[in-house]
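Quick one: structure below, then a few questions.
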Amino acid sequence: MGLNLDVDHVAFAQDRKFDGYQFRNLNPAELGQIAGRAGRHLKDGTFGVTGQVDPFDDELVRRIEGHEFDMVKVLQWRSKDLDFASIAALRASLEDAPRVQGLTRALPAVDQQALEYLSRDLEIVDLASNPARVEKLWEA
């Protein structure tokens, strides 16, 4: 989420994140995106860490300040064209492969994992008997 606030300093209380599967260190581009919230285009801002995070090494600071980040190799994608005709149709539409080079299908997110789990319950399958109910199941 991008916030345009009048912030002079960004202090990192964590340099790790949970990406849906595991905890991992933020990469320089992610740190730069967050640090860039300070100052914005109106004035220069600063960034640093709280006492709970080890200080950033000089090379990382140089890369963030110089906007020197690795090129993106792959972009993850998930179809927004969902088919609510049935649970099976919805599951199939979530499995659609991207049709654009350079995109890869994203790993199943929590909502898709929940659908997979719920679709094993025959009572839920019976209740999701029309597109409106399948859509309501998805939104729940």
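Laboratory data are not the source of any read-out in this text; all were calculated from the coordinates shown. Not measured: the values here are computed from a predicted model. Every residue, glycine as well, gets a Cβ built from its backbone with ideal geometry; the counts of neighbours run over all protein chains shown.
Per 10 Å bin, what is the whole-percent P(r) computed from every C-alpha pair distance within the chain?
10, 27, 23, 20, 15, 4
Among all the lysines, which ones have a C-alpha under 26 Å from LYS80's C-alpha, if same-chain residues fewer than 8 places away are not counted?
LYS80 reaches LYS17, LYS136.
Give me the distance between the Cα centres of the range 25-82 and the range 96-121, rounded to whole Å.
27
OK, next. What are the residues whose amide H is under 5 Å from the amide H of VAL49, where those residues sit 5 or more places off or on another chain and H is modelled from the backbone?
For VAL49, the qualifying residues are PHE12.
Okay, moving on. Tell me the label-point distance for the pair ARG105, GLU59, using the 7 Å Cα-to-Cβ offset, in nm and rounded to one decimal.
Taking the simple label geometry, ARG105 and GLU59 are separated by 3.7 nm.
Scan the range 15-102 for trypsin sites (Lys or Arg not before Pro) in coil per DSSP, keeping those whose Cβ has at most 15 other Cβ atoms within 10 Å, and list them by number.
Working: sites: ARG16, LYS17, ARG24, ARG37, ARG40, LYS43, ARG62, ARG63, LYS73, ARG78, LYS80, ARG91, ARG99; in loops: ARG37, ARG40, LYS43, LYS73, ARG78, LYS80, ARG99.
Of the trypsin sites (Lys or Arg not before Pro), the ones in loops of the range 15-102 whose Cβ has at most 15 other Cβ atoms within 10 Å are ARG40, LYS43, LYS73, LYS80, ARG99.
Additional query: Kindly work out what percent of the DSSP beta bridges joining two residues of the chain are antiparallel, to the nearest 5. Walk me through the numbers on the way to the answer.
Working: 3 of 10 bridges.
Close to 30 percent.
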